[in-house]
1. Suppose we keep just the alpha-carbon trace of segment 110-233; what are its Rg and Dmax in angstrom?
2. Go through 316-326, 224-234 and give me the packing order, highest mean Cβ count within 10 Å leading.
3. What ranking do 56-64, 373-381, 201-209 get when scored by the average of other Cβ atoms within 10 Å per residue, highest first?
4. Segment 27-56 to segment 140-167: how many Å between their Cα centroids?
5. Over 19 Å apart: what share of the alpha carbon pairs of segment 26-75 falls there, rounded to a whole percent?
6. Can you tell me the relative contact order of the chain? Whole percent, Cα pairs under 8 Å, sequence separation 6 or more.
7. Residue 2 to residue 245: FRET efficiency via 1/(1 + (r/R0)^6), r the Cβ-Cβ distance, R0 56 Å, to the nearest 0.05?
8. Write down the percent of antiparallel bridges among all DSSP beta bridges whose residues are both part of the chain, to the nearest 5.
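Derivation of every value follows stated rules applied to the coordinates shown; laboratory data play no part. The structure displayed is predicted, hence computed values, not measured ones. Neighbour counts run over all protein chains shown; Cβ positions are idealised from the backbone, glycine included.
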Ligand SMILES: NC(=O)c1ccc[n+]([C@@H]2O[C@H](COP(=O)([O-])OP(=O)(O)OC[C@H]3O[C@@H](n4cnc5c(N)ncnc54)[C@H](OP(=O)(O)O)[C@@H]3O)[C@@H](O)[C@H]2O)c1
């Protein structure tokens, strides 16, 4: 069996996350054979840590290597579509971190773009970027593996099995993700990230809801159930009067989100073509660690999936140092008091499973479970939501 050669594009947080989960695959299935980042120092450090022989600042040099079959894109979102198209043109399969793409500004746009560029213009640009990737993938006959880990998370997999076992319909999906804000400087501006909490984080919730309704449709109707419209509101709660009042009272020091021109809260309702709805809330202002859940309200039951903050393990400590440096969960402010550390965060969140599916899809020449269509659909729904929030109306998709 041929070993799949992987070239990493990006060498920081996302790349490390993927690296840790490649390491869980059966020996000989994949080998990381090169890494590219914007600085030689960073690429070199990643290569040394992972035992990779080839480190470069030149993406073209990574693409030129015949021993690399797939490019794993863990770059800032503004680079995703252009690098993916270049990878496809070079005949490389693509593993792509979320989001597929967005709108990052065009020459002549007033800055900061998040405060000035009309969402209709952004939506058209984001969809152009997304469709250009799909077109390049199809034209070059390469696999596109969309690293939407929620779709692979064991609680969502169990949800699918329970939905299949029931005879009922999902009337409403409720998905949420909350934490206290991204630490990445890129997350603060629209130009770097293509949006705020809704795109950066909400893309997981949107991806999971679209996927579950597609899947339900395939099982019940032999066709995907598609989103038809979206109604949304977005806000910068971090700079609201309410947050300012707390700041003056000295009661606002835990939220790390500090946006320039992006939202840190969003709420949306997706209507599907079978009349059902998905309601999604995302927030960069939620304390208590990463909180990610999907609930299915069905005609004949309720299924609640909780990928973080679940009670597989519960701890109590009278002060934060009791459990030393043992990892709890992402973005938890304190280990004191009662807590719910994740016993295997990567497994619960689907990272290990997505890498196994991608390696299998590339090796066997089959479609991955999460591919280009889901990636494009997420961009469509999210930029429809941005337009809805700006214009205060339901937007047809
Ligand atoms: N699924 C999840 O839950 C999850 C979680 C976190 C992140 N992500 C995704 O992972 C991706 C990466 O995020 P991150 O947090 O790792 O970002 P990051 O810390 O900003 O790292 C970005 C990497 O891209 C490299 N880079 C930037 N410009 C480049 C260029 N022109 N050519 C080559 N390399 C370049 C940087 O190089 P230097 O190292 O030299 O600066 C860095 O290694 C994003 O799409 C993000 O949405 C997903």
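1. Expressed in Å, the Cα Rg and Dmax of segment 110-233 come to 17.2, 53.
2. Numbers: 316-326: 9.7, 224-234: 19.6.
Result, highest mean Cβ count within 10 Å first: 224-234, 316-326.
3. Sorting 56-64, 373-381, 201-209 by mean packing, highest first, produces 201-209, 373-381, 56-64.
4. Segment 27-56 and segment 140-167 have Cα centres spaced 29 Å from each other.
5. Values: 238 of 1225 pairs.
Value for segment 26-75 (Cα pairs over 19 Å): 19 percent.
6. 20
7. 0.35
8. Taking every DSSP beta bridge within the chain, about 55 percent pair in antiparallel fashion.
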